[in-house]
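Notes to accompany the following structure.
Each reported figure results from applying straightforward, stated rules to the coordinates on display, with no laboratory input. Note that the coordinates shown come from a computational prediction; the quantities given were computed from them, not determined experimentally. Cβ atoms come from the backbone with ideal geometry, glycine included; neighbour counts cover every protein chain shown.
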Amino acid sequence: MKKYFTILFVVCAAFLISCTKGPAPASIELDRTSYEADFAGEEFTIAVLSNRNWEANSDVDWLTMRHTAEAALDARTYILVTVTPNADESRTGTITVSAVDGSTSVTYTVVQGENTHVIRNAEKFVSFLEAAAKSEAANDFRLGADIDLSGASLPEVESFIYTFDGGGHSIKNWNSSAPLFKSISASGAVRNLVIDSSCKLSIPAGIEKFGFVAGENAGTIENVTNNAAVSIAQASKGWKGSICGENTGILANCINNGAVSYSGAPHADGSLYVAGVAGRSTGEGAKTDNCNNSGAISLTFNGSLSQSIYAAGVIGAANSGAKTLSCVNSGAVTVRVPSTSTNGQAAGIVCYSGGEITSCANSGNISFFSESAEGKADGSVKGVGVAGIACYSGWADGVTSSCNNSGAITLRAGYTLAQQTVGSATKYSSNVAGIVGHAFKCGIDDCHNTGAVRSEFRNIDNAESVYNTTARQSVGGIVSSSWGNITGCTNKGSVDVVWVTAAHNANLAKQFVGQVGGISGGDYHSDQLSSSIINCTNEGAVTIVCDSSQSNNAFGGIVGWAGKENASGVNEINGCINRGAVTLDGYSKSRIGGISGGATKATGCKNYGEVRLKGGLSSCSVGGIIGFQNFFNMDACESYGKVGTDIKLAGAETSAAGGLGGLVGALGNTAQTYSGCKVDCAIEAPEGSAASMLLGVIGQNKAVSTKLEVGTAASPLKVKGSFNGTALNSSNFETYIRRPDFSLVNNNISFNVQYGE
């Protein structure tokens with residue numbers, strides 16, 4: 001029995017001893033506790049030995065891991081860690097490996113070094129340019145701070161092939177007459193850079209393609225802003241801009257806020273293009289998109305010019321299909337010369353364009369002055385253009401669309417030296433307009449002008465002046481000289497023309513021929529067959545003082561010279577409305593109308609503006625709708641504005657000139673039909689003047705066999721209003737529908753006219 005208890009005691013003791021022995025202490029061992037990672041990013045492993053189930057976590061998002069949990073093992077397992085590239089200063093992250101039961105944890109520190117491609121000082125910026133010049137840089141270099149370049153000398157980079165990001169930072173105190181990059185290749189890009197106003201920038205002489213970011217760009221320049229003033233050392237030929245000289249790539253969201261100026265002697269070695277953003281953009285793949293200029297562009301010459309000058313807010317020229325899209329100019333653009341014998345242009349967006357122009361806007365005042373002293377208006381010009389958007393648009397079969405101008409557009413000079421060739425236009429004379437100066441085979445759609453448009457020549461009798469009937473001076477609220485349809489455009493700005501002799505004397509009047517309109521001056525300089533004006537409205541006053549007496553001028557509320565004056569003409573003025581007053585003074589021989597000065601097919605047009613001849617020759621023709629009509633019919637047009645003359649008009653049926661009418665001032669000897677028109681206006685004319693409520697002078701009343709239908713049986717004309725203060729009524733209206741002394745001797749003329757509605 002004693003033996004039995006002894007054995008039981010031993011067994012129980014052994015059991016008690018085995019029950020009091022616990023598990024081994026929790027342990028997590030790592031192969032190391034820290035790691036230094038490369039700024040460019042990398043992968044590495046962490047070896048883990050743990051007698052507990054474990055999991056791993058990171059306190060930063062730039063450390064990512066795979067295999068982040070494991071059960072307790074007697075062997076090592078591994079965490080795979082990925083370190084993303086560091087774009088900035090050095091940084092530290094912590095990885096914590098913890099027992100799932102919370103019994104223990106260890107930490108692992110990762111330090112990633114500063115990105116050596118982030119530039120924070122001038123020394124490093126110079127090093128970057130040196131590496132780029134040797135093609136030893138990389139695509140991730142960028143600014144990490146504003147850079148002060150005081151005293152720094154930057155190396156020349158012949159061709160930049162990388163991507164450089166300014167990060168929205170500025171370069172400051174940069175005194176330069178050289179670009180950052182002589183050229184940017186197709187693979188290169190410069191983005192998000194600011195040139196601070198503290199920089200002193202001067203465009204040197206003798207470099208043809210110059211900009212302070214790039215002389216030439218075949219790649220991308222994007223979100224780059226210049227705030228520094230730019231001076232031009234010499235007016236040598238080439239393409240000059242604050243940001244880029246010549247662009248064959250992409251310019252996007254670039255801004256110039258700095259004034260760009262030249263003052264000094266003229267040059268004679270070729271054309272000079274100066275603009276706020278770029279001198280030129282050229283080629284089908286070239287694009288200037290959403291670029292802005294607020295800096296004043298000013299070129300002042302102290303001697304007569306023989307070189308062509310182009311000054312623009314955004315881009316000097318856009319050649320060979322280059323696009324100009326959504327660009328804005330608010331800076332004044334001014335060219336001052338004593339006189340010039342070749343082409344000169346000033347524009348808000350682009351002077352010369354051979355590509356698409358869409359959704360651009362100008363609010364800056366655009367001026368070209370040719371005068372020996374400010375305000376004197378005595379210098380010469382030849383082929384001059386001044387416009388809110390473009391002086392010349394030659395995008396064949398294209399459309400300049402959705403553009404707006406609110407800036408004042410001004411040409412002031414003494415006289416012209418006829419016309420010259422600009423681009424494809426062989427008859428480029430003086431062109432002044434709110435949107436486009438001279439359009440060549442290019443339509444204009446949905447464009448709007450509210451800026452004042454003014455053309456001023458005060459010495460047209462100068463002995464050196466050269467005029468002929470093909471060198472017509474042109475002014476328009478939208479386009480001065482059109483070749484292409486104009487659709488859905490509006491003008492609310494005044495159109496003001498002063499073309500006078502030095503003494504404003506009728507005896508000195510010259511053959512200075514002009515075309516002026518609230519929408520278009522006219523298409524006389526085109527094929528004269530393809531420039532209809534459709535659904536356009538003018539609300540601006542059209543005011544002309546003109547001393548040209550030896551050829552017919554054409555002035556109108558919508559258009560001056562509408563198209564070719566013969567039966568083959570296909571131009572039409574359709575659905576247009578004029579609400580602006582049209583006023584002519586001076587000593588000219590002119591045709592003025594509420595819609596058109598010259599002959600055209602008119603359909604569904606309405607005039608509400610007063611048409612007034614205050615001064616001119618007795619051979620002027622004044623009409624509520626058309627000044628002088630020939631070859632074409634008129635349908636459903638309505639005349640409501642007062643039509644008057646202070647000059648006794650002495651037209652006769654044999655001359656078809658010198659008359660005033662509620663619809664037409666004078667008619668030529670061709671077949672015409674007027675149908676469905678309304679006249680409800682006041683007619684005012686001196687006693688004995690060739691005037692009537694409808695047609696002032698009918699030139700085919702004497703033995704002419706062509707048929708003239710003044711109203712048809714199906715669509716008679718309807719007349720109301722007053723004639724020299726006498727109110728028309730159902731009893732007397734027939735007395736005034738044609739001139740009082742008119743004797744109807746031609747059986748081919750018929751009148752179908754009703755009183756009232």
Practice problem: Using a 10 Å cut-off on Cβ atoms, rank the peptides 92-103, 307-318 from the highest mean neighbour count down. | Solution: 307-318, 92-103
Quiz item: Sequence-distant or interchain residues sharing an amide H contact under 5 Å with GLY168, placed H: which?
Solution: LEU193
Quiz item: At ALA145 and THR673, where each label point lies 7 Å from the Cα along Cα→Cβ, what is the point-to-point distance in nanometres?
Solution: 8.4
Exercise. Using the Karplus curve 6.51 cos²θ - 1.76 cosθ + 1.60 with θ = phi - 60°, work out ³J(HN,Hα) for each residue of region 550-556 in order, rounded to whole Hz, and write x for Gly and Pro.
Key: 9, 8, 6, 9, 9, 10, x
Quiz item: Tell me, what is the percent relative contact order of the chain, built from C-alpha pairs under 8 Å that lie six or more residues apart?
Solution: 5
Quiz item: Once you list every other residue whose beta carbon is under 14 Å from the beta carbon of THR248, what net charge do they have if Lys and Arg are +1 and Asp and Glu are -1?
Solution: +1
Quiz item: What's the center-to-center distance, using Cα atoms, between region 197-240 and region 309-343 in Å?
Solution: 15
Quiz item: Given region 674-757 reduced to its alpha-carbon atoms as identical point scatterers, what log10 I(q)/I(0) does the Debye formula return at q = 0.18, 0.23, 0.26 Å⁻¹?
Solution: -0.75, -1.16, -1.35
Quiz item: Amide H to amide H, which residues 5 or more places from LYS642 or on other chains are under 5 Å from it, using H placed in the peptide plane?
Solution: GLU610, VAL611, ALA682
Quiz item: Relative contact order for region 610-704: what is it in percent, counting Cα pairs under 8 Å that are at least 6 residues apart?
Solution: 34
Quiz item: Residue-wise, which Karplus ³J(HN,Hα) couplings in Hz belong to region 161-169, taking 6.51 cos²θ - 1.76 cosθ + 1.60, θ = phi - 60°, and x for glycine or proline?
Solution: 10, 10, 9, 10, 10, x, x, x, 8
Practice problem: Starting from the amide H of VAL328, placed 1.01 Å from N in the peptide plane, find each other amide H under 5 Å away whose residue is 5 or more places distant or on another chain. | Solution: CYS291, ASN292, ASN293, ALA361
Quiz item: Tell me, what HN-Hα J-couplings in whole Hz come from the Karplus equation 6.51 cos²θ - 1.76 cosθ + 1.60 at θ = phi - 60° for each residue of region 429-442, using x for Gly and Pro?
Solution: 9, 7, 10, 10, 7, x, 10, 10, x, 10, 9, 10, 6, 9
Quiz item: Helix 122-133 versus the longest principal axis of the chain: what is the Cα-based angle in degrees, 0 to 90, to the nearest 10?
Solution: 80
Quiz item: What Rg and what Dmax come out for region 241-320 when only alpha-carbon atoms are used, in angstroms?
Solution: 13.0, 39
Quiz item: Sorted from fewest to most neighbouring beta carbons within 10 Å, what does the list MET634, MET65 look like?
Solution: MET65, MET634
Self-check item: Summed residue charge, Cβ within 11 Å of ALA214's Cβ, Lys/Arg positive, Asp/Glu negative
Solution: 0
Practice problem: List the extent of the Cα atoms of region 293-437 along each of their three principal axes, largest first, rounded to whole Å. | Solution: 37, 32, 19
Practice problem: Give, to the nearest whole percent, the P(r) tail of region 117-341 beyond 28 angstrom, counting all Cα pairs. | Solution: 24
Quiz item: What number comes out for the charge environment of GLY644, summing +1 per Lys or Arg and -1 per Asp or Glu over other residues with Cβ under 10 Å away?
Solution: 0
Quiz item: Rounded to the nearest 0.05, what FRET efficiency do THR92 and ASP446 have when you use their Cβ-Cβ distance and R0 = 41 Å?
Solution: 0.10
Self-check item: Share of Cα-Cα pairs in region 89-162 lying beyond 21 Å, as whole percent
Solution: 48
Quiz item: Hey, fewest Cβ within 10 Å first, where do ARG739, ARG91 land in order?
Solution: ARG91, ARG739
Practice problem: Taking the chain as the reference, fit the longest principal axis to its C-alpha atoms, fit the long axis of helix 2-20 to the helix C-alpha atoms, and give the angle between the two in degrees, 0 to 90, nearest 10. | Solution: 30
Quiz item: Short version: what are the Cα gyration tensor semi-axes of region 28-112, square root of 5 times each eigenvalue, largest first, in whole Å?
Solution: 24, 12, 10
Self-check item: Rounded D (µm²/s) - the chain, Kirkwood Rh over Cα pairs, Stokes-Einstein at 37 °C, 0.692 mPa s
Solution: 110
Exercise. Which order do the peptides 555-567, 244-256 take when ranked by the mean count of other beta-carbon atoms within 10 Å per residue, highest first?
Key: 555-567, 244-256
Exercise. Could you work out how far apart the two model spin labels at GLU208 and GLU757 are, taking each label as a point 7 Å from the Cα in the direction of the beta carbon, and quote it in nm?
Key: 7.0
